[in-house]
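Below: one structure, written as structure tokens.
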Amino acid sequence: MRQRMFYALIGLALIVAGCSGNSKGSKEPTAKIGGSAPAFSVEATDGRTVRLEDFKGKPLVLTFMAEWCPCSNESAPVFKEAYKDYNPGGVEFMILGFQDSRSRFSEFVKRQAFPFPAAFDKGDAIGGSFGVLAPPTTFFITPEGKIQRAFYGKIEEKDKLYAWIDELIAKKAPVEEKR
């Protein structure tokens, strides 16, 4: 019994550490800021095909999340609220399931009721092309398809997310911040 409890605690610690925003750079995405976002084509949870080029001409907030990750679950409401506020002005949002199973991610999408496209990243191939190492990781992509900002970790602060989206709309270079 003690051994099982020990392994359960170790497992929980690994899960929380795996999606914690306090990584000190060890889980930062490796995609180049200012470079082109890697092209992708994926089947969304609603069955339609979604490609990066579908968002050409519009700012895109692309987030890699996982059902098992507490940080993804804590970030989801802020992204839904931002979508409600920014999508009427042309900002697009998309969630990609990363380091998760298709069935768990589908349940996550249903439970969260995302009002924007969500798709499962089979084999973590899309995340790999962006250099994503762990969820949640968010990319802010310009209408021209360039990566303006990348952020690893949960985003619970509405003001922080909104400031980054405003930066994206204005296409201003991000100011490096200290965590």
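In region 99-150, what residues are of a type in the set (A, V, I, L, M) and either in contact with a Leu (Cβ under 8 Å, 6 or more places away or on another chain) or under 19 Å from Arg48 (Cα atoms) (or both)?
Residues satisfying the conditions are Val109, Ala113, Ala118, Ala119, Ala125, Ile126, Ile141.
For Leu62, only one of the following conditions fails: (1) loosely packed, with under 13 Cβ neighbours inside 10 Å; (2) under 24 Å from Thr142 (Cβ atoms); (3) of a type in the set (A, V, I, L, M). What is its number?
It is condition (1) that Leu62 fails.
Is it true that Leu133 is part of a loop (DSSP other than H, G, I, E, B), of a type in the set (A, V, I, L, M, F, W, C) and either within 13 Å of Leu161 (Cα to Cα) or out of contact with any Pro (no Cβ under 6 Å at 6 or more places or on another chain) (or both)?
yes
Let's see how each residue does on (1) over 20 Å from Trp68 (Cβ atoms); (2) at pLDDT 95 or above; (3) of a type in the set (Val, Ile, Thr); (4) in contact with a helix residue (DSSP H, G or I) (Cβ under 8 Å, 6 or more places away or on another chain):
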{"site": "Lys80", "(1), (2), (3), (4)": "no, yes, no, yes"}
{"site": "Tyr86", "(1), (2), (3), (4)": "yes, yes, no, yes"}
{"site": "Phe98", "(1), (2), (3), (4)": "no, yes, no, yes"}
{"site": "Phe108", "(1), (2), (3), (4)": "no, yes, no, yes"}
{"site": "Phe116", "(1), (2), (3), (4)": "yes, yes, no, yes"}
{"site": "Ala119", "(1), (2), (3), (4)": "no, yes, no, no"}
{"site": "Gly127", "(1), (2), (3), (4)": "no, yes, no, no"}
{"site": "Phe140", "(1), (2), (3), (4)": "yes, yes, no, yes"}
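Given the conditions (1) among the aliphatic types (A, V, I, L, M); (2) under 22 Å from Tyr152 (Cβ atoms); (3) touching a strand residue (DSSP E or B) at 6+ places or on another chain (Cβ under 8 Å), which single one is not true for Val50?
Condition (2) is where Val50 drops out.
Which ones in region 90-126 are over 14 Å from Leu62 (Cα atoms), outside any loop (DSSP other than H, G, I, E, B) and of a type in the set (Asp, Glu)?
Hits for region 90-126 are Glu107, Asp124.
Under the condition of being under 11 Å from Gln112 (Cα atoms) and of a type in the set (Ser, Thr, Tyr), which residue from region 70-86 is surrounded by the most Cβ atoms within 10 Å (Cβ to Cβ)?
Ser72
So in region 142-159, with the set limited to residues that are within 22 Å of Cys71 (Cα to Cα) and exposed (fewer than 13 other Cβ atoms within 10 Å of the Cβ), which one is modelled with the highest pLDDT?
Per the criteria, the residue is Asp159.
Is it the case, given these coordinates, that Asp54 is closer than 17 Å to Ala150 by Cβ and part of a helix (DSSP H, G or I)?
On the way: closer than 17 Å to Ala150 by Cβ: no; part of a helix (DSSP H, G or I): yes.
No, not satisfied.
The values are calculated or read from the model by the stated rules, or taken from the named source; none is laboratory data. Keep in mind it's a predicted model, so treat the numbers as computed, not measured. In this analysis, Cβ positions are derived from the backbone assuming ideal geometry, glycine residues included, and neighbour counts consider all displayed protein chains.
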